[in-house]
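Heads up: the structure comes next, in structure tokens.
The values are calculated or read from the model by the stated rules, or taken from the named source; none is laboratory data. It should be emphasised that the depicted structure is a prediction, and the values quoted were computed from it without experimental measurement. Note that each Cβ is placed from the backbone with ideal geometry, even for glycine, and that neighbours are counted across all protein chains shown.
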Amino acid sequence: MIIDSSTSVVVTGGASGLGRAAAMALAAAGAKVAIFDVNEAKGEEVAKAVGGVFCRVDINDEDSVVAGYAKSRAAIGQERVLIHCAMTSRRGKTLAFDKAAGKLKRLSTADYEAGVQGTLVASYRLASHAAEGMATLPPLEDGERGCIVLTASVAAQDGQIGQVIYASAKAGVNGLVLPMARDLSDLGIRVNSIMPGIFATPLMLGAAQNVLDSLSASVPFPKRLGKPEEFGSLALELARNSYFNGQCIRLDGAIRMAPR
């Protein structure tokens, strides 16, 4: 797919971190970009920087997502590319010792369900609504109509202690990729996912320096955290290289996460 001024893109979680980097990369290639996020101030700032449009979207709310797509399509046209980075989740061990109660406490089903909703179900929601719109577009070379890039995590394969929600939900995101790519193949819509390792996002950079140093040292090469721009570069390549389809790609400096 040629990415230029005729290409409309939606980036969820585009107000910061990996989403912001993806938005910048696609915009630098010439695309028109819509930023979906709940952070209005930062979202508007990024939208202004890329010459795009901001849509306040709660990925866990069906009506909010539908309204966001309607706004972005009215402003920049039907998207050919979706880069889905936004997520919500929770954390906890399946069973953990509760010192106050003096006994083991089970991670609640409600907490697990909330994490799956904000990670896996939200990925399906954003991707399926995008695909429905992309299916209406005239085909490009090879009959291509669109590209969906989901964000999983190396935790999908290397889930650590305390990541039973996050890791299994991200594994579910990877599980969406091949069947959805096959579902949409007759329509010329591709689906892939990126599994980032440890990246220097604003949230991660809030950790203590000794923690950041230890994390950097755990990466085989290069011995540093990933740069958001490197995620953005891969998101752009997945959009423009039409032979990427049905793939779940690690972007991690060869790290394999230890149990803890």
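Annotations for the structure displayed:
- Set GLU62, GLU40: member being farther than 18 Å from THR136 by Cβ, acidic (Asp, Glu) and in contact (Cβ under 8 Å) with a residue 24 or more places away in the chain: GLU62
- Flag for MET257 being in contact with an Asp or Glu (Cβ under 6 Å, 6 or more places away or on another chain) and of a type outside the set (Lys, Arg): yes
- GLY43 in a loop (DSSP other than H, G, I, E, B), of a type in the set (Gly, Ala, Ser), under 20 Å from LEU203 (Cβ atoms) and modelled with pLDDT of 95 or more: no
- Picking from residues in segment 189-215 that are polar (S, T, N, Q) and modelled with pLDDT of 95 or more, the one that is nearest to GLY19 (Cα to Cα) is SER193.
- Segment 192-219, subset among the aliphatic types (A, V, I, L, M) and assigned to a loop (DSSP other than H, G, I, E, B), residue nearest to ALA86 (Cα to Cα): LEU203
- Exclusive hit being touching a Pro at 6+ places or on another chain (Cβ under 9 Å), within 30 Å of TYR243 (Cα to Cα) and either of a type in the set (A, V, I, L, M, F, W, C) or surrounded by fewer than 24 Cβ atoms within 10 Å (Cβ to Cβ) (or both), set LEU82, LEU26, LEU18: LEU18
- Among the residues of this structure, ASP186 does not count as one that is in contact (Cβ under 8 Å) with a residue 60 or more places away in the chain and assigned to a helix (DSSP H, G or I).
- Residue in segment 130-143 that is β-branched (Val, Ile, Thr) and closer than 23 Å to GLY13 by Cα present: no
Rundown of residues vs (1) part of a helix (DSSP H, G or I); (2) in contact with a Gly (Cβ under 8 Å, 6 or more places away or on another chain); (3) under 27 Å from ALA135 (Cβ atoms); (4) among the aromatic types (Phe, Trp, Tyr), yes/no style:
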site: ILE2; (1), (2), (3), (4): no, no, yes, no
site: SER6; (1), (2), (3), (4): no, no, yes, no
site: ALA22; (1), (2), (3), (4): yes, yes, yes, no
site: VAL33; (1), (2), (3), (4): no, yes, yes, no
site: CYS55; (1), (2), (3), (4): no, yes, yes, no
site: ASN60; (1), (2), (3), (4): no, yes, yes, no
site: ALA70; (1), (2), (3), (4): yes, no, yes, no
site: ILE83; (1), (2), (3), (4): no, yes, yes, no
site: ASP111; (1), (2), (3), (4): yes, yes, no, no
